[in-house]
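The values are calculated or read from the model by the stated rules, or taken from the named source; none is laboratory data. Keep in mind that what you see is a predicted model, and the values were worked out from it rather than measured. A quick note on method: Cβ atoms are made from the backbone with ideal geometry, for glycine too, and the neighbour counts reach across all protein chains shown. When the accessible area is computed, the model is the full protein with side chains, heavy atoms only, and any ligands, DNA or RNA have been set aside. Shrake-Rupley method; radii C 1.70, N 1.55, O 1.52, S 1.80 Å.
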4 protein chains.
Amino acid sequence: MTVQENTALLIIDVINKMDFEGAEQLLQQTLPVLEPLSKLKQHCKRQNIPVIYVNDNFGLWQENVNQIIDECRGGLGDVLIETMHPEENDYFIIKPKHSGFFGTQLDILLKHLDVSRLIITGLTTDMCILFTANDAYMREYAIHVPEDCTAAETAVAKDHALEILSSTLSLDCSSSLSLMKGE
Amino acid sequence: MTVQENTALLIIDVINKMDFEGAEQLLQQTLPVLEPLSKLKQHCKRQNIPVIYVNDNFGLWQENVNQIIDECRGGLGDVLIETMHPEENDYFIIKPKHSGFFGTQLDILLKHLDVSRLIITGLTTDMCILFTANDAYMREYAIHVPEDCTAAETAVAKDHALEILSSTLSLDCSSSLSLMKGE
Amino acid sequence: MTVQENTALLIIDVINKMDFEGAEQLLQQTLPVLEPLSKLKQHCKRQNIPVIYVNDNFGLWQENVNQIIDECRGGLGDVLIETMHPEENDYFIIKPKHSGFFGTQLDILLKHLDVSRLIITGLTTDMCILFTANDAYMREYAIHVPEDCTAAETAVAKDHALEILSSTLSLDCSSSLSLMKGE
Amino acid sequence: MTVQENTALLIIDVINKMDFEGAEQLLQQTLPVLEPLSKLKQHCKRQNIPVIYVNDNFGLWQENVNQIIDECRGGLGDVLIETMHPEENDYFIIKPKHSGFFGTQLDILLKHLDVSRLIITGLTTDMCILFTANDAYMREYAIHVPEDCTAAETAVAKDHALEILSSTLSLDCSSSLSLMKGE
C-alpha cells in the first residue's frame, strides 16, 4: 500500500534506555534504520498521517512522556532519542508490556482517529513489533511492516519474525520506499 | 475493611476541567468530599498504601500528567487541583473512557503492586466510580467505596449509584472513618 | 429508535437456573417481562435483526448451549426456558462474568455482523444489564434498554438502574412498543 | 518444567475441518504429533492437570462444542478428531480469532482453576500457538511449548516460530518427554 487516508504510523520503543543485555548488538542493528524511519515519519507528517509513538514505560508508571524520555537519556539510546524525538503534535502512548494494544488506549485512539491501516515500525522485530502486529491482525487492521524501518538484536531474529509476518500472516513487509511512491 | 496490605487507593477524575454542563452543581457536591478524601489519602501514604490517580484525558492523548493538569487549570476545577494535586510518588494513569480498567494499564499495575483490595474514590459516583467498581468486581478485587469520598452531580444520582454498589454488589460503602480506625 | 439496520437484540441471562437466594422474587418480577420480550424477539426476527443470547455459564465451562439449558431445567426457571428457548439460528454466547463483553466474543461477533446499535434486554437490570450497557456505552454502541423487557429482584432496584441508564448515560429506556412502531 | 500443580494443558485447534488451502501439507506435519500429544494428554489427566481445548469456531457462533465437532467431521481432519476427541471432563473454549486469550473466557477460567503454568500444544506453531503463547507471556504465565506436540504447514515455518518462542521469549520448548519424567 502507499500512505493513504485512514492510516497511522506506529513507532515502537525507539525512545529506549538501551541498558539491557544485548543492547549494543541491538543498537548496531538499529542505526541503519534511523534514516529510512525518519524519512517515513516526515513523509507521514506531510500527508497529515497521525504519528503515534508506542513506548515501553521503563518501569515508570506516571504516564509522563517527558519523564520517560529523561529516564532514557544518558546512555546508548541517546542517538535514537535525538533522531526520533517526538514532536509536539505526535501522539505518545505508554505501554506496560510488549504489545502496543495490551493495557493501553491504542485501539481506542485508533478508532477515535478513524484509522484502519497501520504502518508498524521500530524495535524489536521479533518481540514488540511481532506482538503488536499480531494484535493488530486479530483486530482486522490492514498492516504494513516496512522491513527497513525495524530492527532486532540479530539479523537472523529479524528475518524469522519478518518471515512469519510476511509468509504466515501475509502482511506487506516491503521497504518504506513503496509507501512513499508518488510524492 | 481497614486499610491494610495489598490495598491501593484509587482517586478518579479529581483533576478535572469542570467545564461541562452541570459542572457547577457537581462542584457543589464535590467540595464537602475534599476534606475526607485528603485525610484518607494522607492516611494511605502514611501506611505505604499506593495512591493511584486514574484520570480522564480531557481530549489529550500525549499521556503527559503535567499537560493534563495544565489543561484543567484556570476554571472551576482549580480548587480540586490545589487540594488534591498528585505528589511525585503517586501513580497517575490516564483513562480514555469511563472505567479505570478500559484501555489502561491499571490492572497490570495492580498486579505488579500485588494489590487485591481497592478503595475507590472521586468523581462521579454514578459514572466513572460505578463503571470502575463494576470492572473491579468482575476482576474479583475486594472493593470499598467510602461514601464520603465520592460525589455526583446530584445527591439523588449519588444515592442511586451507592444503592447499587452496596445492595446489589454488596460492596462496603461505609465512611472513610472506618478505613482509618486504629491509627 | 425503531428497530433498524445494524441493530442486534441481546437477551441476557433468561436461560436461568433460578436457584439462588431471591430467585422467587426475581421470578415474580420477570413473569410480566416475558410477553413483551417474546414479541420484541419475534419482531426482530421478522426484520432479520440478529438475536444474540448472552448467558451465564452456571458453573459449566464446556461452552455447550444444550448442556447449559439442561443444567437450568427442573426448577423455577423452567417457565423462562420454555417461553424464551433459543431458536436454531439465534446466536448464543456464554459469559463467565456479569458483563456480556467481559471474557466473551460478543464484541467480535457484533463487528462481524456490522452491528452498531444494541437493544439490551433480560436479567437483571441492576447487575448484568447495567454492566453490559456500561461496556457497550464505552465501546460507543447506540443503546436502547426497553424498560418493559428487563427485570430485577425488586422494582426499586430496577428503578435505580434505569435511572442511571436513562439520566446519567442518557440511554433510551422507552418501552419496546417504541421499537416496533410501523410494523 | 515437569507437569506439576497449577498447570493446565492447552490443546489448540486440533478439532479442525482441514478444508483450507495447505491443509494436506498441515495434515502431513500433524500426523507425527498425534502420538506424543495423546500421551501427554493422558499423562496430564492422570495427574489431575486440567485439559483445556481452545478451538476455532469454524464460522459457528452458537458456542456449542458438539456442533463444532460435527461441522469438522467428514474431511481430512477426521483422524485428528478421532484421536483427540475431547472427553466429558475436559474443558472446551471456543475462540473467534487466533489467540486463545482474545475474545474468550480462557484467562478467567485459568484464574478460576488457579493455574499459573501453561503447556501449549496443537496447531499451528507459527499462528495460533505463537499468538496464544505471546498473550500468555504478557500475562506472566510460565509457558512450555513442547516441540513434538505442535505442527505448522511446513517444518521451516514451525522452526521459525519455535526459534522466536525459545530464543526471543526464552520459553521452554523441549520435548514432551521432559514433562513426563518420573512417572
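Other chains near D:84-97: what is the mean number of their Cβ atoms within 10 Å of each residue's Cβ?
On the way: counts 0, 0, 1, 0, 1, 1, 2, 4, 4, 5, 6, 2, 9, 8.
Average per residue, whole number: 3.
Placing a label point 7 Å from the Cα of B:Asp70 along the Cα-to-Cβ direction, the distances to the matching points in the other copies come to 1.4, 6.4, 6.5 nm, shortest first.
Taking every alpha-carbon pair under 8 Å whose residues sit at least 6 apart, the range B:47-130 reaches a relative contact order of 30 percent. Within the same chain, lysines fewer than 8 places from C:Lys17 are excluded, and of the rest, those with a Cα less than 16 Å from its Cα are C:Lys95, C:Lys97. Over all distinct alpha-carbon pairs, what is the Kirkwood Rh of the range C:60-107 in angstrom? Here the Kirkwood hydrodynamic radius works out to 12.0 Å.
Dividing the summed helix terms, -39500 (n - 2.57) for each DSSP H run of n ≥ 4, by the number of residues in the protein assembly as shown produces a 222 nm estimate of -10500 deg cm²/dmol to the nearest 500. Placing +1 on each Lys and Arg Cβ and -1 on each Asp and Glu Cβ, with no other charges, gives the range D:7-178 a dipole about its Cα centre of roughly 480 debye. As a length-normalised measure over Cα pairs under 8 Å and 6 or more apart, the relative contact order of the range D:17-96 settles at 46 percent. Globularity index of the range D:1-104 is 1.07 (Cα radius of gyration / 2.2 N^0.38 Å, N = number of residues).
In terms of Cα atoms, the Rg and Dmax of the range B:21-75 work out to 14.0, 38 Å. Phi-derived couplings, Karplus 6.51 cos²θ - 1.76 cosθ + 1.60 at θ = phi - 60°, listed residue by residue for the range D:83-98: 5, 10, 3, x, 8, 4, 9, 7, 7, 9, 10, 9, 10, x, 9, 7 Hz, with x used for Gly and Pro. Distances from A:Lys39 to itself in the other copies, using label points 7 Å out along the Cα-Cβ axis, amount to 5.5, 6.6, 6.9 nm in increasing order. Residue of chain A with the Cβ closest to the rotation axis carrying A onto B, and that distance rounded to whole Å: A:Glu63, 2. Residues whose amide H falls under 5 Å from that of D:Ile93, counting only those 5 or more places apart or on a different chain, are D:Tyr53, D:Val54, D:Asn55, with hydrogens built in the peptide plane. Take the Cα of A:Ser170, step 7 Å toward its Cβ, do the same at D:His43, and the gap between the two points is 3.7 nm. The mean number of partner chain beta-carbon atoms within 10 angstrom of a residue's beta-carbon across peptide A:55-62 is 4. Using a simple spin-label model with pseudo-atoms 7 Å out from Cα toward Cβ, A:Glu87 and A:Ser178 lie 2.6 nm apart. For the protein assembly as shown, compute Rg over Rh where Rg is the Cα radius of gyration and Rh is the Kirkwood radius from the inverse mean 1/r over Cα pairs. Taking Rh as the inverse mean 1/r over Cα pairs, Rg/Rh reads 0.96. Express the carbon and sulfur contribution to the solvent-accessible surface of chain B as a percent, rounded to the nearest whole number, probe 1.4 angstrom. Percent of accessible area from carbon and sulfur atoms in chain B: 45.
Taken per residue, the accessible surface of the protein assembly as shown reaches 38 Å², heavy atoms only and a 1.4 Å probe. For C:Lys45, the lysines whose Cα comes closer than 16 Å to its Cα, not counting residues fewer than 8 places off in the same chain, are C:Lys181.
Between C:Ser116 and D:Glu71, the simple label model (points 7 Å from Cα in the Cβ direction) yields a spacing of 2.8 nm. Of all complete DSSP H helices in chain C, not one has a Cα span along the helix axis of 18 Å or greater and a mean Kyte-Doolittle hydropathy of 1.6 or more. Taking a ≥ b ≥ c as the square roots of the eigenvalues of the Cα gyration tensor, the range B:71-171 is oblate, since a/c reaches 1.5 or more and a/b is not larger than b/c. Here is how far apart the B:Asp159 label points are across copies: 1.1, 7.3, 7.3 nm, shortest first, using a point 7 Å from Cα toward Cβ. For chain B, the relative contact order is 30 percent, taking Cα pairs closer than 8 Å that sit 6 or more residues apart in sequence and dividing their mean separation by the residue count. For peptide D:159-165, the mean count of partner chain Cβ atoms within 10 Å of a residue's Cβ comes to 5. Given chain B, what whole percent of its Cα pairs are spread farther than 26 Å? So the portion of pairs separated by more than 26 Å is 22 percent.
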